[in-house]
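Right, one structure below, let's go through it.
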Amino acid sequence: MLRCNIRLASALGLLALVALDACDADGGGPPTVPADHPCPEWALAPTPEALYADHALSGAPIPLALALPLPPGTPVEVTQGNAQPPTHLGADAWAWDFALPEGTPVRAAAPGIVAYVRDDSTRYGTSDGYRVDANFVLVDHGGGLFTSYVHLAAGSATVAPGDPVRAGDVLATTGLSGQMTGPHLHFALENAWSQSLPARFVDPGGAGCALLPELGDVVTAGDDDGASLIVAGAPSALPPGAFAATGVAALRGLPARLFARGRRYAVSGEAPGASAVWLLLIPPEGGTAVAAVELPVSDGRFTGALRVTAPAGRYGLGAVAVVPGDAITVDATVRVTVE
C-alpha cells in the first residue's frame, strides 16, 4: 500500500493541466476472428475496460484466449497453482509458477502491447523483502487485461514498452530475481490494479481454451498454440471506476498503464459531492507526489486534459475527490509507465 500526503503548493508541475483537447483516435473496426481460432468466443478482450472483480471473487475465468507462455515441446511442471500458499494468495491468488531452468525463453501468452519492462535486478532470495527485486515484463491485451511474466534474468528482455508482440514471441529469459527458492516463471493474468484474475489456456491437445494447470501437473506447449490468437483494443484505457473507492465515481480518458511523455490526454468524469479531483503521480516506493494537478468539479462533473511531462519511468497513479479543507491522501495507486 502506498501513501502520499502533499501540500497543495508543493506540486512540481510535471503533470500539467491544459485546455481540453481530444486525443488521437485509432481508426478501424475489430479484426476478423480466424476460422481456426481455438475458442472464437474468447478471441477478443471484453469491452469496455473493467476491473473484473466478479471474476476474481467467483473464480469464473476471464474470456480471453491465452497460450502457455512456455517453450514449445518441453514438458514443464507446475510448482504452484491458483490459491495456493505460500505466495499465491490475496492479489496473487490466480497465478501459476512453472518450473523452468535459468535461461529458458519466456513467450507472450497472447498478442498485445508491452506496457512495462524491468530487467536490471540481480537480487534474489527467499524472504518477502526480495519481492520488489523481481525482473518482469507486462503485456497489455486490451479490455483492461494484462499478463505478467516474473523472475526474469537481468539484461535478457528482448522487448521495450510500446512494442507490439504476437502470441509466442520471446519476451525475455528466466533468471534469478525477486523472491524465489529457485528458478521458475511466475505468470498471471491481471487487471489494472495488478490483481490476478482467473484464466484458462489453449489446450495443446485441441480441446479449446479450457486448460487449467494445477499443482504437480506437467504441461507442454504446442508449436502453434498461439498462431491464430488476435488482439483488439490495446492499449487499455483506465477502467472508469478504477478510483470509485476514493470518491471518483468515473474517470475517463487516461491509459491504464502506458503514458506517452508529452502527449495530451482529454479527461472527464464524475465525482458527486466533491469540489475537485486531484490526480497524482507517486514514486513506485510511495512517499511525496512528484506531480499533482487539480481538476475543478462542477455539478458533480469535471473535464480537462493532461500533458504528462514527468521523466520516463515507473510511477503510481492516484486519483482522489476532495472538498474544501480535505487533506490529499492516496492509499493505493495504479502502476503506470511514462515513456
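All of (1) under 16 Å from P61 (Cα atoms); (2) part of a strand (DSSP E or B) hold for T173 with one exception: (1).
For (1) crowded, with 16+ Cβ neighbours inside 10 Å; (2) assigned to a strand (DSSP E or B); (3) out of contact with any His (no Cβ under 6 Å at 6 or more places or on another chain), each residue gets a yes or a no:
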{"position": "D225", "(1), (2), (3)": "yes, no, yes"}
{"position": "A245", "(1), (2), (3)": "no, no, yes"}
{"position": "L251", "(1), (2), (3)": "yes, yes, yes"}
{"position": "G262", "(1), (2), (3)": "no, no, yes"}
{"position": "G287", "(1), (2), (3)": "no, no, yes"}
{"position": "L295", "(1), (2), (3)": "yes, yes, yes"}
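The rows are residues; the columns are (1) touching a strand residue (DSSP E or B) at 6+ places or on another chain (Cβ under 9 Å); (2) over 29 Å from G269 (Cα atoms).
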{"position": "P161", "(1), (2)": "yes, no"}
{"position": "L171", "(1), (2)": "yes, yes"}
{"position": "Q179", "(1), (2)": "yes, yes"}
{"position": "G205", "(1), (2)": "yes, yes"}
{"position": "C209", "(1), (2)": "yes, yes"}
{"position": "D223", "(1), (2)": "no, yes"}
{"position": "S236", "(1), (2)": "yes, no"}
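Taking the criterion of being among the hydroxyl-bearing types (S, T, Y) and either out of contact with any strand residue (DSSP E or B) (no Cβ under 7 Å at 6 or more places or on another chain) or within 25 Å of G233 (Cβ to Cβ) (or both), the only residue of region 88-120 that qualifies is Y116. Candidates S228, S196, S236: the one that is under 30 Å from L100 (Cβ atoms) and touching a Phe, Trp or Tyr at 6+ places or on another chain (Cβ under 6 Å) is S196.
Scanning region 264-273 for residues that are modelled with pLDDT of 95 or more and in a strand (DSSP E or B), we see that the one that is surrounded by the fewest Cβ atoms within 10 Å (Cβ to Cβ) is S268. Checked against the criterion of being in a loop (DSSP other than H, G, I, E, B), touching a helix residue (DSSP H, G or I) at 6+ places or on another chain (Cβ under 8 Å) and either among the small types (G, A, S) or surrounded by 20 or more Cβ atoms within 10 Å (Cβ to Cβ) (or both), region 208-218 contains one or more residues that satisfy it.
Looking only at strands (runs of 3 or more DSSP E) that lie completely in region 95-151, which have at least 2 residues being closer than 14 Å to L70 by Cβ? The strands (runs of 3 or more DSSP E) meeting that bar are 96-98, 105-107, 146-150. In region 229-243, the qualifying residues are those that are modelled with pLDDT of 95 or more and outside any strand (DSSP E or B), and the one that is surrounded by the most Cβ atoms within 10 Å (Cβ to Cβ) is L229.
The values are calculated or read from the model by the stated rules, or taken from the named source; none is laboratory data. Since this is a predicted model, take the numbers as computed values, not measurements. Quick reminder, even Gly has a Cβ in these numbers, built from the backbone with ideal geometry, and neighbours come from all protein chains shown.
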